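> Supplied in structure tokens, the structure appears directly below.
The values are calculated or read from the model by the stated rules, or taken from the named source; none is laboratory data. Keep in mind the model is a prediction, meaning the values are calculated, not measured. All Cβ positions, glycine included, derive from the backbone under ideal geometry; neighbour counts span all protein chains shown. In case anyone asks, the SASA skips ligands and DNA or RNA and just uses the protein heavy atoms, side chains included. Shrake-Rupley method; radii C 1.70, N 1.55, O 1.52, S 1.80 Å.
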Amino acid sequence: MPNILIVEDDAPIAQMIREALSLGGYQSEICSDGTGAVSTALSGEYDLILLDVMLPGIDGFSVLTNIKNAGVPVIFLTARQDVADKVKGLRLGAEDYIVKPFEVVELLARIEVVLRRFHRLDSVLTYRDITLNLTQHTAHIGEQPVLLTPKEFDLLAFFIQNQTIALTRERLLCAVWGYGFEGQTRTVDTHVQQLRKKCGLQDDLITIPRLGYRLRAEGSL
């Protein structure tokens, strides 16, 4: 499970982010000041850092400058929305720059993109007799290959990574098709139907009325 460091001095916001990450299947820790963030980031094993800009001690830009040699990807998460600040953050080496307030589904989608880019997610996923190789982009049921479209593959991977979690159609659209996708939610329904048919998930991929879908935990009845 990826471990994410949240650097945020506003306690309610930090807790909200932590709860959102938990729903996304991530573990996390919170640091509330810039100086402490540097030592924490350098001493811990983190897969990603969510970094505010305005912090006690030193600001987020200085934090990134001090930790960038550690090789941990950073996403700025800040109320500072000036283009100059965004450009500065990206030039310093941040992978993304998200302005508050933000939608949780957008945050989770952008986190997943960065983690995939840095290979911080498992490269092989399994669910019962289904195996997905994220590097080779191949799917098998037992020894038999399954032909999935790219979006069917990504959707199944997201379900497997988020077993037992009720996922809205909007969140699935955001995570698989991208937060800027303007398609309709029936796109998700069509792809879910295909996954059920191709992968034998009729009893495992459950429809939640008026909400979305949930993949049963592996091994549950």
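> Could you tell me the largest-minus-smallest coordinate of the C-alpha atoms of the range 57-100 on each of the three principal axes, in descending order and whole angstroms?
Here the Cα extents, ordered largest to smallest, are 27, 23, 16 Å.
> Hey, another quick one. Using mean Cβ contacts within 10 Å as the protection proxy, how do 47-55, 88-96 order, highest first?
Per-residue mean Cβ counts within 10 Å order the peptides as 47-55, 88-96.
> Right, something else. Distances longer than 17 Å among the Cα atoms of the range 27-68: what percent of all pairs is that?
When every Cα pair of the range 27-68 is considered, 18 percent fall beyond 17 Å.
> Run the simple label-point estimate for residue 163 and residue 91 please: 7 Å along Cα→C-beta, distance reported in nm.
In this crude label model, residue 163 to residue 91 measures out at 4.7 nm.
> Using only the Cα atoms of the range 88-215, each taken as one equal point scatterer with no solvent, compute I(q) by the Debye sum, divide by I(0), and report log10 of the ratio at q = 0.20 Å⁻¹.
Ignoring solvent entirely, the Cα scatterers give -1.22.
> Considering only protein heavy atoms, what per residue accessible area in square angstrom results for the chain with a 1.4 angstrom probe?
With all protein chains present, the chain gives 51 Å² per residue.
> Another question, if that's okay. What are the extents of the Cα atoms of the range 137-210 along their three principal axes, in Å, largest first?
Here the Cα extents, ordered largest to smallest, are 36, 24, 20 Å.
> While we're on this one: Tell me, what is a quarter of the convex hull surface for the C-alpha atoms of the chain, in nm² with one decimal?
Here the figure is 13.0 nm², rounded to one decimal.
> Going through the range 106-148, which GluC sites (Glu not before Pro) have at most 12 other Cβ atoms within 10 Å and a DSSP loop state?
Hits after loop and neighbour filter: 143.
> Keeping every protein chain in place, order 117, 171, 196 by accessible area at 1.4 Å, biggest value first, i.e. largest first.
117, 196, 171
> Quick one: angle between helix 11-23 and the longest Cα principal axis of the chain, in degrees between 0 and 90, rounded to 10, please.
20 degrees
> Let me ask another. Indicate, rounded to the nearest 5 percent, the antiparallel portion of the DSSP beta bridges found entirely in the chain.
Close to 50 percent.
> Another question, if that's okay. In the chain, what percent of the accessible surface is made up of carbon and sulfur (1.4 Å probe, ligands and nucleic acids excluded)?
50 percent
> Sticking with this structure for a sec: With +1 on the Cβ of every Lys and Arg and -1 on the Cβ of every Asp and Glu, and nothing else charged, how large is the dipole of the chain about its Cα centre, in debye rounded to the nearest 20?
So the dipole magnitude of the chain works out to roughly 620 debye.
> Okay, next question. For the chain, calculate the relative contact order in percent as a whole number, restricting contacts to Cα pairs under 8 Å that are 6 or more residues apart.
Computed value for the chain: 14 percent relative contact order.
> Oh, and also: Using the Cβ atoms and a cut-off under 11 Å, what net charge is assigned to the surroundings of residue 208, where Lys and Arg are +1 and Asp and Glu are -1?
+3
> If you don't mind, there's one more thing I want to ask. Nearest 500 deg cm²/dmol is fine: what mean residue ellipticity at 222 nm does the chain get from its DSSP H runs of n ≥ 4 alone, each adding -39,500 (n - 2.57), divided by its residue count?
-11500 deg cm²/dmol
> Using the Cα atoms of the range 11-94, I'd like the radius of gyration and the largest Cα-Cα distance, Dmax, both in angstrom.
Reported Rg and Dmax, both Å: 12.4, 33.
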